[in-house]
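Report on the following structure.
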């Protein structure tokens, strides 16, 4: 029986891998290049998190993440007419992965005994840094450095997680609510053009 947080990890891996492969296809990468971008997108943030938590990176002990990324590539290849051509496909999969991975990072940090503020930071790293590495690989300005509400959506989800935990909400429900909070924060920010002001240099 797969627990909720493991399910989030697997679904998030699949969603993030698709988002990376989708962008790699737009850059006309070959199949292997697209697969590499998908893997980096899926495991990059979690790898940095585990290194900071002094843990062995999760994908080095569990090959399922490589397999899931391969399935994501197969999914894009089979349904490429729909996945690649839909402009909002990347955004939806990216937002789903962002929400799920943020919760995975928070849960793992708490499991390792770190205080909640560290868990929120690790959740943000888990959710946002894979996408940052993806954007660097495909030579795009990383989303995390733009005005878009991206990493802050993870912070918001972490605060929701903390609030639910303090109110005694059951753990699985807390994780679900927090993941939805991240997803909705990202979607609503894009839909209604909510962003932080840009930092302007001297003119």
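The values are calculated or read from the model by the stated rules, or taken from the named source; none is laboratory data. For clarity, every value in this text was computed on a predicted model and none was experimentally measured. Here the Cβ positions follow ideal geometry from the backbone for every residue, glycine too, while neighbour counts run over all protein chains shown.
Of all the criteria given as (1) in contact with a helix residue (DSSP H, G or I) (Cβ under 6 Å, 6 or more places away or on another chain); (2) in contact (Cβ under 8 Å) with a residue 40 or more places away in the chain; (3) under 29 Å from residue 30 (Cβ atoms), the one not satisfied by residue 77 is (1). Which one of these is in contact with a helix residue (DSSP H, G or I) (Cβ under 9 Å, 6 or more places away or on another chain), at pLDDT 95 or above and farther than 28 Å from residue 188 by Cβ: 32, 114? Of 32, 114, the one residue that is in contact with a helix residue (DSSP H, G or I) (Cβ under 9 Å, 6 or more places away or on another chain), at pLDDT 95 or above and farther than 28 Å from residue 188 by Cβ is 114.
Residues of the range 97-109 include none that is without any contact (Cβ under 8 Å) to a residue 24 or more places away in the chain and closer than 24 Å to residue 191 by Cβ.
The residues listed here are 174, 126; of these, the one that is under 12 Å from the mean Cα position of the chain (by Cα) and closer than 24 Å to residue 13 by Cβ is 126. Contact map, the range 39-53: residues that are modelled with pLDDT of 95 or more paired with residues that are surrounded by fewer than 24 Cβ atoms within 10 Å (Cβ to Cβ) and not in a helix (DSSP H, G or I), Cβ distance under 7 Å, separation 6+ or inter-chain. Pairs shown: 47/57; 50/56; 50/57; 51/57; 53/112. Just to be sure, is residue 165 touching a strand residue (DSSP E or B) at 6+ places or on another chain (Cβ under 7 Å) and within 19 Å of residue 121 (Cα to Cα)? So residue 165 fails the test.
For residues that are over 17 Å from residue 105 (Cα atoms), within 19 Å of the chain's Cα centre (by Cα) and surrounded by fewer than 19 Cβ atoms within 10 Å (Cβ to Cβ), tally how many sit in the range 30-59. The qualifying residues number 1.
If only residues of the range 159-171 that are part of a helix (DSSP H, G or I) and more than 17 Å from residue 96 (Cα to Cα) are counted, the one that is nearest to the chain's Cα centre (by Cα) is 159.
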